[in-house]
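To keep things clear, I will list the structure first and then write my remarks on it.
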Amino acid sequence: MTNPAGLLLTPGAGATRDSPALLAVEHTLSDVEPPLPVRRVDFPYRLAGRRMPDRAPVAVGHLRTEAAAWAEELDVAGDRLLLGGRSYGGRMCSMAVAEGLPAAGLVLLSYPLHPPGRPEKLRVEHFGQITVPTLFVSGDKDPFGTPGELAEHVAAIPGPVTTVTLSGAHDMRGVAREKAVAQAVANWIAVLWA
């Protein structure tokens, strides 16, 4: 398996591309050998100054454009890029890949399995179409999905899945937690593409 050429990273619905969690991942991956380039991108609603997240077709279309542009800039095929993000951003990346966007793998941080307190409103209908290696990093007290719920539903993903459970809830605030998340991503990449 060819090493990934870069990671396209997207924020959660209430954050921007400059959120501390995404910056921590970028800084950690710049220190590995060889360094892995990271491009952090905002979604169209954030770029337009709106607060309401884009519907999936708009977000997925934007990801297609951003991934194609970065693959061209790096002079690689699209399937050499890792795609991912935190919460909403990761979900949109997983939907894009399930719909056929080429990728080396998915990095899903605090995946929003369902809205808090509404476990019947699952966001997993596309899991059966994900065939690339996928990393889930989640907190053990995440109201968007417990470790048990996540384990149950990621079983539908045909590609190789790695789950990492850290202490904490859905947000990734705090230097120690941000570093732990970033290190989990770096470790996954190092093991999978050793």
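The values are calculated or read from the model by the stated rules, or taken from the named source; none is laboratory data. Since the model is a prediction, treat every value here as computed from it, not as a measurement. Cβ: placed from backbone, ideal geometry, glycine included. Neighbour counts: every protein chain shown. Just the protein is used for accessible areas: all its heavy atoms, side chains included, with ligands, DNA and RNA removed. Shrake-Rupley method; radii C 1.70, N 1.55, O 1.52, S 1.80 Å.
Brief remarks on what is shown
- In segment 131-143, the residues that are closer than 19 Å to L7 by Cα and surrounded by fewer than 22 Cβ atoms within 10 Å (Cβ to Cβ): T131, V132
- Test: residue in segment 75-84 that is of a type outside the set (A, V, I, L, M, F, W, C), under 18 Å from T163 (Cβ atoms) and in contact with a strand residue (DSSP E or B) (Cβ under 6 Å, 6 or more places away or on another chain): yes
- Failed criterion for L63 (all others in (1) touching a Cys at 6+ places or on another chain (Cβ under 7 Å); (2) in a loop (DSSP other than H, G, I, E, B) hold): (2)
- Of all residues in segment 98-128, those being touching a strand residue (DSSP E or B) at 6+ places or on another chain (Cβ under 6 Å) and either touching a residue at least 60 places away in the same chain (Cβ under 8 Å) or not in a loop (DSSP other than H, G, I, E, B) (or both) number 7.
- Residue match in segment 8-21 (condition: farther than 24 Å from P112 by Cβ, free of Cβ contacts under 8 Å to residues at least 60 places away in the same chain and either buried (at least 20 other Cβ atoms within 10 Å of the Cβ) or not acidic (D, E) (or both)): no
- Checking each residue in segment 100-130 for being of a type in the set (V, I, T) and either closer than 12 Å to H153 by Cα or open to solvent by 10 Å² or more (accessible area, probe 1.4 Å) (or both) picks out only V124.
- When L23, L47, L74 are screened for being out of contact with any helix residue (DSSP H, G or I) (no Cβ under 7 Å at 6 or more places or on another chain), within 16 Å of L109 (Cβ to Cβ) and not basic (K, R), only L23 passes.
- If only residues of segment 49-99 that are at positive phi and over 15 Å from the mean Cα position of the chain (by Cα) are counted, the one that is surrounded by the fewest Cβ atoms within 10 Å (Cβ to Cβ) is G49.
- Considered as a group, the residues in segment 144-185 that are open to solvent by less than 20 Å² (accessible area, probe 1.4 Å), free of Cβ contacts under 8 Å to residues at least 60 places away in the same chain and part of a loop (DSSP other than H, G, I, E, B) include one that is nearest to E120 (Cα to Cα), and that residue is G145.
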